[in-house]
Amino acid sequence: MTEKTAKEKLSHINDIRELWKGDSLELLKVLHIITRDEKLNADSRRKLKQVYHLIQLIEPIIQQLYAKNPNLKIVDMGAGKSYLGFILYDLVLRKLEGTRLIGVETRDELVQKSKELANSGKFERMEFVASTIEAASNAVKGPLDLVCALHACDTATDDAILFGIHTNAKAFALVPCCQAEIAEQLRTKAGAGSLVDLTLQTLFAQPIHRREFGSHITNVIRTLFLQSKGYKTTVTELIGWEHSLKNELILAEKVSTPDHPQSIKSQKMLDELLLKFQLSPRLVNCRS
Ligand SMILES: C[S@@+](CC[C@H](N)C(=O)[O-])C[C@H]1O[C@@H](n2cnc3c(N)ncnc32)[C@H](O)[C@@H]1O
């Protein structure tokens, strides 16, 4: 190796070291986050930063839950290549004996790859299910402790919420992805002149405003919905906007029941919001 190549390699490793808090760079290689010659491209750097931030924010929740029940069951919905699951396991769950992490992903080829890595001997408490979230109830039984969904597309975040509620999940960590359902309803229903207050329509008359407003109101609906089921919610940004536009983090912890006055108040606010904008989201329609 020439002096220049050696220096370059060192700077790549330093770059990764700045981000990677785990013991083994091998995991990042196997996940293709870094290349075999230990380079990190801009997309991977962004992804790693997002995953780290999320893990930092959910670790206290995991530790709290673990103190009460060491047989924690965590699910990662819309797991994709399972970056979140493997890194979370490597950094946090490996030390917490008894915890299990289950990844649910609809793309079979990604699930097979994750299974291969999990079976390599270092991730014995990880499992993967090839299924839509909606149909995963045969393979993933409650009660669940934590439901994670990082950038699960469109209504997959809503399916993760419904799944968690039906399985009595104690907490959620959700970073929603692109959102199309409500933007379409704003275009066809609310935008078709059926709103009582027509000035509201100016908020989403343009396609780009409809997309942004649709995404915003969707996350408001998700938050109120969780509150109406007895969850305390915290909504923040995950990481600087320069790293991702899909950046809203909804954390929810079960603190009461749907018949608690605070939950009833949230339900009422949700009903009023939906009525005002003539919206009928799947999240609410599917409620039991
Ligand atoms: C944008 S990727 C995010 C993957 C991963 N969570 C991450 O952040 O790297 C969304 C993933 O969700 C999966 N997905 C979408 N809808 C789903 C559903 N209804 N059930 C299960 N997986 C779903 C897609 O196949 C895709 O792999």
The residue that is surrounded by the fewest Cβ atoms within 10 Å (Cβ to Cβ), considering only those in the range 13-37 that are at pLDDT 70 or above and touching an Asp or Glu at 6+ places or on another chain (Cβ under 9 Å), is Ser24
Cβ-Cβ distance below 9 Å, separation of 6 or more or different chains: which pairs start in the range 83-97 with a residue that is farther than 14 Å from Gln64 by Cα and end on one that is part of a loop (DSSP other than H, G, I, E, B) and within 16 Å of the ligand (Cβ to nearest atom)?
Tyr83/Leu31; Tyr83/Ile33; Gly85/Ala79; Phe86/Leu31; Ile87/Leu31; Ile87/Ile33
Is it the case that some residue within the range 1-12 is buried (at least 19 other Cβ atoms within 10 Å of the Cβ) and at pLDDT below 90?
no
Picked from the range 232-246 (must be more than 17 Å from Gln56 (Cα to Cα) and at pLDDT 85 or above), the residue surrounded by the most Cβ atoms within 10 Å (Cβ to Cβ) is Thr233
How many residues are within 14 Å of the chain's Cα centre (by Cα), at pLDDT below 95 and either within 27 Å of Glu272 (Cβ to Cβ) or basic (Lys, Arg) (or both) when one looks only at the range 141-176?
3
Quickly run through the range 198-214 and pick out the residues that are aliphatic (A, V, I, L, M) and either buried (at least 16 other Cβ atoms within 10 Å of the Cβ) or at pLDDT below 90 (or both).
Leu198, Leu200, Leu203
From the list Ile62, Ile58, exactly one residue is closer than 24 Å to Ile165 by Cβ, within 16 Å of the ligand (Cβ to nearest atom), in the same structural domain as Leu162 (by TED's automatic domain parsing) and modelled with pLDDT of 95 or more. Which is it?
Ile58
Just to be sure I understand the filter: pairs with C-beta atoms under 9 Å, separated by 6 or more residues or on different chains, first member in the range 138-162 and on the phi > 0 side of the Ramachandran plot, second member near the ligand (Cβ under 7 Å from one of its atoms) and in a loop (DSSP other than H, G, I, E, B). Which pairs pass?
His151/Gly78; His151/Gly80; His151/Cys177; Asp154/Cys177
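Sort out for me the helices (runs of 4 or more DSSP H) sitting completely within the range 90-200 that have 2 or more residues that are more than 9 Å from the ligand (Cβ to nearest atom) and acidic (Asp, Glu).
108-118, 181-188
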For the range 62-89, which residues satisfy the criterion of being more than 18 Å from Lys122 (Cβ to Cβ) and assigned to a helix (DSSP H, G or I)?
Ile62, Gln63, Gln64, Leu65, Tyr66, Ala67, Lys68
Close pairs (9 angstrom Cβ cut-off, 6 or more residues apart or separate chains): at pLDDT 95 or above in the range 270-288, aliphatic (A, V, I, L, M) and part of a loop (DSSP other than H, G, I, E, B) anywhere
Leu273/Leu279
Please specify each residue of the range 57-76 satisfying the condition of being surrounded by 13 or more Cβ atoms within 10 Å (Cβ to Cβ) and not hydrophobic (A, V, I, L, M, F, W, C).
Glu59, Tyr66, Asn69, Lys73, Asp76
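The values are calculated or read from the model by the stated rules, or taken from the named source; none is laboratory data. Note that the coordinates shown come from a computational prediction; the quantities given were computed from them, not determined experimentally. Note: ideal-geometry Cβ built from the backbone for every residue, glycine included; neighbour counts use all protein chains shown.
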